[in-house]
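A short worksheet on the structure shown next.
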Amino acid sequence: MPTAAYLDRRSEIETYFDRTAADAWRKLTSDAPVGRIRATVRAGRDRMRATLLQRLPADLSGRRVLDAGCGTGALAVEVARRGAQVVAVDLSPTLIALARDRMPADLADGRLSFVAGDMLDPDFGRFDHVVAMDSLIHYRTPDIVAILSRLAARANRSVVYTVAPRTPALTAMHAVGRLFPRGNRAPSIVPVTENRLHRLIRKAPDLNGWNVGYSERIDSGFYLSQVQELIRS
């Protein structure tokens, strides 16, 4: 079962993306002009999405993929175009509605499903691959490992995900964020020490048989995230 810490943070994230930041994310994930800071975030997210796609086979025909925390759906669209059956899940009904509105006509054949819900819901079934782009960055390291354990339990081949790497700059930004009134805060990004994360992954009983593979950091101005990969041995 999800921990109380996970459930509390999940509620914060749902409120933020479904209400507070919905308009900002609608603009950020479109072709609309944005300011200099958001332009670096958009560029970083584009690079990260391309990197995640590189970790998946070019031909996904016959495979089932979970996009865990799909946002407005750009990654899910690219995966579906490789032939996969994609279930794209996000906590925010507002972002899911936007993803459905943006769905290309050539994918309106049932290959791609956008669903508002919890990415850990076992009712979504099993998958060959799970991708989680920037949906784990708001959780503490033990909760990330617990989330990965739940996702890996339903994955046959790989889980590709991103975390916020602990750097002096990101740690400082995290500290500054605590100074804002609670009502004005976005859900804080929790910096992760890679060695500790990997150590906890190796110790997790539910992740026996999984190996940490590829890792790459994407640094683009105000966007900093690290992609990692779990591969079933």
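The values are calculated or read from the model by the stated rules, or taken from the named source; none is laboratory data. Predicted model only: the values in this text are computed from it and were never measured. Ideal geometry is used to build each Cβ from the backbone, glycine not excepted, and the neighbour counts take in all protein chains shown.
I'm checking my understanding of the structure. Among residues of the range 116-153 that are assigned to a helix (DSSP H, G or I) and among the hydrophobic types (A, V, I, L, M, F, W, C), which one is surrounded by the most Cβ atoms within 10 Å (Cβ to Cβ)? Walk me through how you get there before you give the answer.
Our first condition is that a residue be assigned to a helix (DSSP H, G or I); within the range 116-153, this holds for 122-124, 141-152.
Subsequent filtering for residues that are among the hydrophobic types (A, V, I, L, M, F, W, C) retains 124, 144-148, 151-152.
Values: Phe124: 18, Ile144: 23, Val145: 23, Ala146: 21, Ile147: 22, Leu148: 25, Leu151: 21, Ala152: 21.
Going through the qualifying residues, I end up with Leu148.
Could you tell me which of the residues Gly44, Gly35 is without any contact (Cβ under 8 Å) to a residue 24 or more places away in the chain and farther than 19 Å from Ala99 by Cβ?
Only one candidate qualifies: Gly35.
Among the listed residues Arg126, Arg140, identify the single one that is charged (D, E, K, R) and modelled with pLDDT under 95.
Selected residue: Arg140, the only one of Arg126, Arg140 that is charged (D, E, K, R) and modelled with pLDDT under 95.
For the range 1-115, which fully contained helices (runs of 4 or more DSSP H) count at least 3 residues that are within 24 Å of Leu151 (Cβ to Cβ)?
4-15, 36-54, 74-81, 93-102
Going residue by residue through the range 91-112, is there one that turns out to be of a type in the set (D, E, K, R) and within 28 Å of Arg202 (Cα to Cα)?
No, the range 91-112 contains no residue that is of a type in the set (D, E, K, R) and within 28 Å of Arg202 (Cα to Cα).
Please go through (1) over 24 Å from Ala50 (Cβ atoms); (2) touching a residue at least 60 places away in the same chain (Cβ under 8 Å) for Ser92 and return the number of the only condition it doesn't satisfy.
It fails just one condition, (1).
Is it the case that the range 176-192 has a residue that's in a strand (DSSP E or B), hydrophobic (A, V, I, L, M, F, W, C), at pLDDT below 95 and at negative phi?
Yes, that holds for at least one residue.
Does the range 187-233 hold any residues that are loosely packed, with under 14 Cβ neighbours inside 10 Å, of a type outside the set (Lys, Arg) and closer than 17 Å to Tyr139 by Cα, and which are they?
Thr193, Asn195
Would you be able to say whether some residue in the range 1-15 is closer than 19 Å to Arg102 by Cα and under 16 Å from the mean Cα position of the chain (by Cα)? Explain how you work it out, then say what you get.
Let us first name the residues in the range 1-15 that are closer than 19 Å to Arg102 by Cα, namely none.
Looking for residues that are closer than 19 Å to Arg102 by Cα and under 16 Å from the mean Cα position of the chain (by Cα), one finds none in the range 1-15, hence no.
Restricting the range 46-72 to residues that are under 11 Å from the mean Cα position of the chain (by Cα) and under 22 Å from Tyr223 (Cα atoms), which is surrounded by the fewest Cβ atoms within 10 Å (Cβ to Cβ)?
Arg49
Do we have any residue at all in the range 19-37 that's acidic (Asp, Glu) and surrounded by 14 or more Cβ atoms within 10 Å (Cβ to Cβ)?
Taking every residue of the range 19-37 in turn, none turns out to be acidic (Asp, Glu) and surrounded by 14 or more Cβ atoms within 10 Å (Cβ to Cβ).
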